[in-house]
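The values are calculated or read from the model by the stated rules, or taken from the named source; none is laboratory data. Because the structure is a prediction, the values reported are computed rather than measured. We place every Cβ from the backbone using ideal geometry, glycine too, and count neighbours over all the protein chains shown.
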Amino acid sequence: MALKNFAFKLLNKDSYARHGIIETHRGNIRTPAFMPVGTQATVKACFIDDIKKTGSDIILSNTYHLMIRPGVERVMSAGGLHQFMNCSLPILTDSGGFQVMSLSKLNKIDREKGAIFNSHVDGKKYYL
């Protein structure tokens, strides 16, 4: 599936370092970028307006933790992650791969279904 309105423009290069802009339909991201981490859809002790004042162009969140808490249903009922977070900035969510490895005692791998987790919160089964 092709991404719409997504491009990377190289502005400067010095040896292996580069400076550019990632263009998305949610906004431009200057690179290299500082990404505040909103693991469970919130950056601790910060409002979105405070994050914008730092000059950050993007927020990072965590797929596994979003799946466990607040949960897919709650995020979707709000209209998606941007609406749930009240955030117009681009949001990058990771794959959950780190949790597949770091929480290996709480999950199993099924070649057809993916990673199957038992929640550390309530024991409920989740598929990632």
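Brief remarks follow.
- Only a single criterion out of (1) touching a His at 6+ places or on another chain (Cβ under 8 Å); (2) touching a residue at least 12 places away in the same chain (Cβ under 8 Å) is not satisfied by ASN12, namely (2).
- Any hit, region 7-22, residues being touching a helix residue (DSSP H, G or I) at 6+ places or on another chain (Cβ under 7 Å) and surrounded by 15 or more Cβ atoms within 10 Å (Cβ to Cβ): no
- If the condition is being touching a Phe, Trp or Tyr at 6+ places or on another chain (Cβ under 9 Å) and in contact (Cβ under 8 Å) with a residue 24 or more places away in the chain, then region 40-65 contributes ALA41, SER56, ASP57, ILE58, ASN62, TYR64.
- Boolean, PRO32 is under 16 Å from the mean Cα position of the chain (by Cα) and modelled with pLDDT of 90 or more: no
- Among the residues of region 112-128, the one identified as charged (D, E, K, R) and in a strand (DSSP E or B) is LYS125.
- The residue list SER77, SER61, SER102, SER88 contains one member that is touching a Leu at 6+ places or on another chain (Cβ under 9 Å) and either farther than 27 Å from ALA7 by Cα or surrounded by 11 or more Cβ atoms within 10 Å (Cβ to Cβ) (or both), which is SER61.
- Qualifying residue in region 120-128 (condition: touching a residue at least 60 places away in the same chain (Cβ under 8 Å) and loosely packed, with under 15 Cβ neighbours inside 10 Å): no
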